[in-house]
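Asks: This structure is in structure tokens; I'll ask about it shortly.
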Amino acid sequence: MKTEIDELRRYLQTITALEQAAFVLMWDQATYMPAAGGHARGAQLAAIKQEAHQRATSPALGRLLDTLDAAPGLDAENAAMVRVARRDYEIRRQVPAALVRRIARAHVASHMAWEAARAANDFAVATKALEKNLELSRAYAACFPGAAHVADPLIDISDPGQTVAQVGPMFEGLRKELVPLVRAVQAADAPRAVPRGRYPQADQIAFSRQVATAIGYDFGRGRLDLSTHPFTVAVSADDVRITTRVREDDFSECLFSTVHEAGHGIYEQGIDRAFAGTPVAEGASAGLHESQSRLWENLVARSRPFWEHFYPRLQATFPEPLAGLELDGFLRAINRVRPSLIRTDADEVTYNLHVMMRFDLELELLSGALAVRDLPEAWVARMEADLGVTPPDHNLGALQDLHWFDGHVGGAFQGYTLGNVYSAQLFEAACRAHPDIVPHMAQGRFDTLRGWLTANVHRFGRAKTAAQVIADATGGAPDSAPYVAYLKRKYGAMYGLPVA
Ligand code: ZN
């Protein structure tokens with residue numbers, strides 16, 4: 001089997017190398033490429049992706065996997081490589097090439113329709129294109145006839161193993177807790193926002209680098225650049241890049257984006273090197289990836305212990321806007337809860353209501369219970385019911401996210417809330433194992449927490465599913481109770497709520 005395993009590894013490394021080359025081109029496109037380079041860049045990326053897809057679906061790979069599936073005595077690392085490669089291969093082979101091409105073309109067309117609809121602030125401009133995407137998402141799902149729900153194969157793309165039967169009830173339970181919490185917070189006194197003022201870009205970047213380094217992001221194997229939308233890209237095991245964005249009148253955008261992306265980056269940097277160059281060397285799911293970014297962004301970098309250490313340093317860096325603001329007021333400002341129209345601007349408490357609403361609307365669209373043309377109305381109704389706010393127009397309503405127009409209708413959103421749920425479960429388990437994690441945070445020490453996360457989450461890559469990681473690390477199944485308890489504890493104290 002030694003020869004076949006080596007052959008499979010070499011084969012997969014070639015596919016990975018092509019994908020990584022595409023990542024460098026995408027990173028460059030989002031950071032330093034002159035705008036005029038876009039046309040050629042699109043062609044370069046398409047060529048590389050096609051080459052990678054051909055290899056990833058070739059009968060030669062199938063024959064190699066057939067030999068190895070039945071092979072006895074593979075060690076754990078090689079068995080994981082075979083298992084992950086088999087999963088990817090089967091999923092890709094299940095979808096006919098003609099459908100893959102139709103889907104790709106439809107996504108390009110509906111992305112353009114979305115831009116035109118945004119420019120006109122009129123959902124009707126994009127209705128036809130979205131109907132087409134919906135029809136193709138159903139066609140994709142139909143390639144997996146064993147699925148219990150039409151959305152399951154779509155969810156499985158980003159959160160392998162998760163299903164409507166698992167996620168649906170969890171979200172419904174979470175929603176029942178969050179809606180009253182939001183109402184209670186709304187009835188309490190509104191804290192002031194983060195003070196606007198002069199936060200020079202260079203100082204913000206320097207401070208953000210200092211924080212990212214402190215929490216364990218390795219700049220020796222990474223870098224921080226600016227882009228319109230912050231993101232993380234793992235070019236290789238030793239080259240995991242993050243980006244952020246800066247507003248010069250408000251430090252929080254740059255800092256929290258950097259910490260969020262550093263959380264994604266620390267995950268990628270922590271994957272066991274034995275998997276490098278294979279498809280195992282990736283995050284286990286969108287939800288588990290998001291659990292790492294949100295854990296550092298919210299449970300750590302919006303917590304009191306974190307700022308007991310960092311606030312004097314932030315004040316020293318930006319004395320003019322922050323000198324007069326004491327720690328308590330600062331903590332309330334960076335944790336301000338306010339129902340808003342835009343998901344990406346939402347605070348920690350209201351955020352999941354935005355996500356779960358999209359999840360439910362996706363299911364209704366896929367099942368046919370909701371027609372695309374009725375989506376804007378359904379959107380407004382749900383915003384009013386859950387958040388008590390009314391979108392005044394389409395751009396602030398059903399046109400705000402690109403996801404459904406640039407990809408499948410279905411499976412695009414659940415990872416955001418699963419990530420929040422996992423983040424609280426993992427943080428609780430980490431603190432159980434090491435009660436000194438929180439005291440260490442107040443001293444600016446994060447190695448205890450990061451070490452536990454690497455040992456229990458990061459190092460496995462895709463060798464374990466997200467549910468297996470959660471079970472082994474926390475001793476239980478995915479469960480929203482620790483997350484609800486965390487929110488009630490934190491915001492109950494901050495707002496003096498009776499719900500806590
Ligand atoms: Zn993220």
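No lab work stands behind these numbers, since they all come straight from the coordinates. Since the structure is predicted, the reported quantities are computational estimates derived from the model, not experimental observations. Quick reminder, even Gly has a Cβ in these numbers, built from the backbone with ideal geometry, and neighbours come from all protein chains shown.
Asks: What FRET efficiency do you get for residue 445 and residue 218 if R0 is 22 Å and r is their Cβ-Cβ distance, rounded to the nearest 0.05?
Replies: Details: r = 16 Å, r/R0 = 0.75.
Once rounded, the FRET efficiency stands at 0.85.
Asks: Determine, for each peptide in 365-376, 262-273, 295-306, the mean count of other beta carbons within 10 angstrom over its residues, then list the peptides with the highest first. Show your work: numbers first, answer last.
Replies: Numbers: 365-376: 16.5, 262-273: 24.7, 295-306: 22.8.
Going by the mean number of other Cβ atoms within 10 Å, highest first, we get 262-273, 295-306, 365-376.
Asks: What's the Cα-based Rg to Rh of the chain, Rh via Kirkwood?
Replies: Ratio value, two decimals: 0.95.
Asks: Distance between Cα centroids, the stretch 191-243 to the stretch 105-125: provide it in whole Å.
Replies: 32 Å
Asks: While we're on this one: List the residues, sorted by chain then number, that are 5 or more residues from residue 247 or on another chain and whose placed amide H is less than 5 Å from its amide H.
Replies: Long-range HN contacts for residue 247: 253, 254.
Asks: Using a Förster radius of 35 Å, what is the FRET efficiency between residue 46 and residue 225 based on their Cβ-Cβ separation? Nearest 0.05, please. Don't skip to the end; give the middle numbers.
Replies: Values: r = 24 Å, r/R0 = 0.69.
Efficiency computed from Cβ-Cβ geometry: 0.90.
Asks: Show the residues, 5+ positions off or on another chain, whose built amide H is closer than 5 Å to the amide H of residue 222.
Replies: 240
Asks: Let me ask something else. Taking amide hydrogens as modeled 1.01 Å from N in the peptide plane, which residues meet the under 5 Å criterion relative to residue 159, leaving out close sequence neighbours?
Replies: Counting only residues 5 or more places away or on other chains, the set is 286.
Asks: I need the phi-derived Karplus couplings for the stretch 83-88: 6.51 cos²θ - 1.76 cosθ + 1.60, θ = phi - 60°, integer Hz, Gly and Pro marked x.
Replies: Working through the residues one at a time gives 4, 5, 5, 4, 4, 4 Hz.
Asks: Right, something else. Summing -39500 (n - 2.57) over the DSSP H runs of n ≥ 4 in the chain and dividing by its residue number, what mean residue ellipticity at 222 nm do you reach, to the nearest 500 deg cm²/dmol?
Replies: On the way: 22 runs with 312 residues, N = 500.
Value at 222 nm, helices only: -20000 deg cm²/dmol.
Asks: Within the stretch 110-140, list the residues whose amide N lies under 20 Å from a label point set 7 Å along Cα→Cβ of residue 98.
Replies: Answer for this model: 132-140.
Asks: Something else: Which order results if 350, 127, 258 are arranged by neighbouring Cβ count within 10 Å, fewest first? Don't skip to the end; give the middle numbers.
Replies: Numbers: 350 24, 127 17, 258 30.
By the 10 Å Cβ count, ascending: 127, 350, 258.
Asks: Counting only C-alpha contacts under 8 Å and six or more residues apart, can you give the relative contact order of the chain as a whole percent? All intermediate terms of the calculation are to be shown ahead of the outcome.
Replies: Values: 719 pairs, mean separation 100.8, N = 500.
About 20 percent, as a whole number.
Asks: With a ≥ b ≥ c the root eigenvalues of the C-alpha gyration tensor of the stretch 381-500, is it rounded (a/c under 1.5), prolate (a/b larger than b/c) or oblate?
Replies: Values: a/c = 2.38, a/b = 1.42, b/c = 1.68.
It comes out oblate by the Cα gyration axes.
Asks: Provide the per-residue ³J(HN,Hα) series for the stretch 180-196, in order, calculated from phi with Karplus coefficients 6.51, -1.76, 1.60 and θ = phi - 60°, each as a whole number of Hz, with x at glycine and proline positions.
Replies: x, 5, 4, 4, 5, 5, 4, 6, 7, 5, 7, x, 6, 7, 4, x, 6
Asks: Hey, what do the phi angles of the stretch 243-258 turn into as Karplus ³J(HN,Hα) couplings, whole Hz, using 6.51/-1.76/1.60 and θ = phi - 60°, x for Gly and Pro?
Replies: So the J values, rounded to whole Hz, are 10, 9, 9, 10, 10, 7, 9, 7, 6, 6, 4, 5, 5, 6, 5, 4.
Asks: For the stretch 376-391 and the stretch 328-352, what is the separation of their C-alpha centers, rounded to whole Å?
Replies: Value for the Cα centre distance between the two parts: 18 Å.
Asks: Extending each Cα 7 Å along its Cβ direction at residue 485 and residue 455, get the distance between those two points in nm, one decimal.
Replies: A separation of 2.2 nm, rounded to one decimal place.
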